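First the structure, in the form of structure tokens, and then the observations on it.
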Amino acid sequence: MNFDYSPRVKEYQEKLNAFMDQYIYPNEKVYEEQLNAAPDRFSAIPPIMETLKAKAREQRLWNLFLPESEYGAGLTNLEYAPLCEIMGRSAIAPEVFNCAAPDTGNMEVLVRYGSDEQKEKWLKPLLDGKIRSCFSMTEPDVASSDATNIQASIVRDGDEYVINGTKWWSSGAGDPRCKIAIVMGKTNPEAPKYEQQSMILVPLDTPGVKIKRMLPVFGYDHAPHGHAEIHFDNVRVPASNIIWGEGKGFAIAQGRLGPGRIHHCMRTIGAAERALEVLCERVQNRTAFGKKLSEQGVIREWIADSRIEIEQARLLALKAAYMMDTVGNKAARTEIAMIKVVAPNMALRVLDRAIQALGAAGVSDDFTLAASWANIRTLRLADGPDEVHRRAIARYELQKYQ
């Protein structure tokens, strides 16, 4: 086993870390200030974001996420993992490098399953960062952790499909640059269980598409990105907007969610690393009961446990990425499921220790800890809740003994 990074990855790591130090961290507050200065936090994009994106493109730190593709940097999942981790250290960084969800997953869907027409119309502007997108799968009235429960309908009518239903937690739909949604719904309720669903491209300016409200996360609106509840009322789109074909929605979802899950985990490890850094720096500058906090036994235990857990999670993420590259996403499904459970839970523990060590400052907006905790807590639900992944892991394990 070789645990070293390749020369190409090391070069990217060096460039990314330098970019983060020079441009990302100093501008996190600028981004928030510009966002708050807008009349409506969902009405405008902070100018600093486009400035940073232009700099990232100049340095060729753009679309690094697409493995084995003519469209991206040609990195494998294993090569991308440590780079994605660096981006995960800041909430604004993934977008700067055009490596933010849900655009990354949607672009992968179009690369793998999209027609030439769909790639020309939607993939190219997404790759160029000219537009953004959302993914509409989750529904308010069903347990969407089981995608076969989805009730939104996609019905063929001549040369068009008619979409009806309500989706929520369509992340990214609040962004004024969001022009396209990938919507999952049922085209044939009578088909076999995993062939009832399809995915279709729906421009957000299509008549009948209504954003009902933006949903906050623990009070954070995540503007201008946001998470929308969207109602589709007799929405008509060309039949050519169907992705791959009728009944392929579940297969596409599995292909999309594998890389999406591991990208979230990679970014989460980066957030945990930053939290541990904040903890270590803070406790060396604070005194309580006659000692520096860094000399208190309980604090040292928190630091040790955090380092152990981060390293364990990183190794599992790298193993999952390696297997995705060598044996494919399906064969790596157990490892993907395991890291999807491990990474958010690990990061939440590290963040909780950092918040506790900082005291009142930890729950304030002066540090990134509270916002990071709120964001990562959602990952125990997004892309499948912990319980579903544990169920799958147990099933795969028991199959060895049958």
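The values are calculated or read from the model by the stated rules, or taken from the named source; none is laboratory data. Being a predicted model, the structure only gives us computed values, none of them experimental. Quick reminder, even Gly has a Cβ in these numbers, built from the backbone with ideal geometry, and neighbours come from all protein chains shown.
Tabulated data
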quantity: Options Glu301, Glu277, Glu295; residue that is of a type in the set (D, E, K, R), more than 20 Å from the chain's Cα centre (by Cα), assigned by TED's automatic domain parsing to the domain that holds Asp325 and farther than 30 Å from Ser90 by Cβ; calculated: Glu295
quantity: Boolean, Asn27 is farther than 25 Å from Gly260 by Cβ, polar (S, T, N, Q) and free of Cβ contacts under 8 Å to residues at least 12 places away in the same chain; calculated: no
quantity: Residue match in segment 374-389 (condition: surrounded by 21 or more Cβ atoms within 10 Å (Cβ to Cβ), under 23 Å from Gly255 (Cα atoms), at pLDDT 95 or above and in contact with a His (Cβ under 7 Å, 6 or more places away or on another chain)); calculated: yes
quantity: Residues of segment 142-168 classified as out of contact with any helix residue (DSSP H, G or I) (no Cβ under 9 Å at 6 or more places or on another chain), free of Cβ contacts under 8 Å to residues at least 60 places away in the same chain and under 20 Å from Lys212 (Cα atoms), total; calculated: 3
quantity: Residue match in segment 272-281 (condition: modelled with pLDDT of 95 or more, part of a helix (DSSP H, G or I), within 16 Å of Ile86 (Cα to Cα) and touching a Lys or Arg at 6+ places or on another chain (Cβ under 6 Å)); calculated: yes
quantity: Residue ranges of helices (runs of 4 or more DSSP H) in segment 13-90 with at least 3 members over 28 Å from Val111 (Cα atoms) and at pLDDT 95 or above; calculated: 25-37
quantity: Residue list for segment 1-12, filter: surrounded by 12 or more Cβ atoms within 10 Å (Cβ to Cβ) and in a helix (DSSP H, G or I); calculated: Arg8, Val9, Lys10, Tyr12
quantity: Answer residue from segment 163-179, given it is under 21 Å from Glu108 (Cα atoms) and more than 17 Å from the chain's Cα centre (by Cα) and is surrounded by the most Cβ atoms within 10 Å (Cβ to Cβ) among those; calculated: Lys179
quantity: Filter pass, Phe250 being buried (at least 16 other Cβ atoms within 10 Å of the Cβ), touching a strand residue (DSSP E or B) at 6+ places or on another chain (Cβ under 7 Å) and closer than 27 Å to Tyr80 by Cβ; calculated: yes
quantity: Unmet requirement for Lys124, which otherwise passes all of (1) surrounded by fewer than 16 Cβ atoms within 10 Å (Cβ to Cβ); (2) in contact with a strand residue (DSSP E or B) (Cβ under 9 Å, 6 or more places away or on another chain); calculated: (2)
quantity: Qualifying position, being in contact (Cβ under 8 Å) with a residue 40 or more places away in the chain and under 22 Å from Met324 (Cα atoms), among Leu35, Leu64; calculated: Leu64
quantity: Scope segment 207-229; condition more than 26 Å from Glu32 (Cβ to Cβ) and either crowded, with 16+ Cβ neighbours inside 10 Å or under 18 Å from the mean Cα position of the chain (by Cα) (or both); matching residues; calculated: Val209
quantity: Given (1) in the same structural domain as Ala18 (by TED's automatic domain parsing); (2) in contact (Cβ under 8 Å) with a residue 60 or more places away in the chain; (3) within 30 Å of Lys212 (Cβ to Cβ), index of the condition Ser136 fails; calculated: (1)
quantity: Any hit, segment 349-363, residues being under 20 Å from the mean Cα position of the chain (by Cα) and among the aliphatic types (A, V, I, L, M); calculated: yes
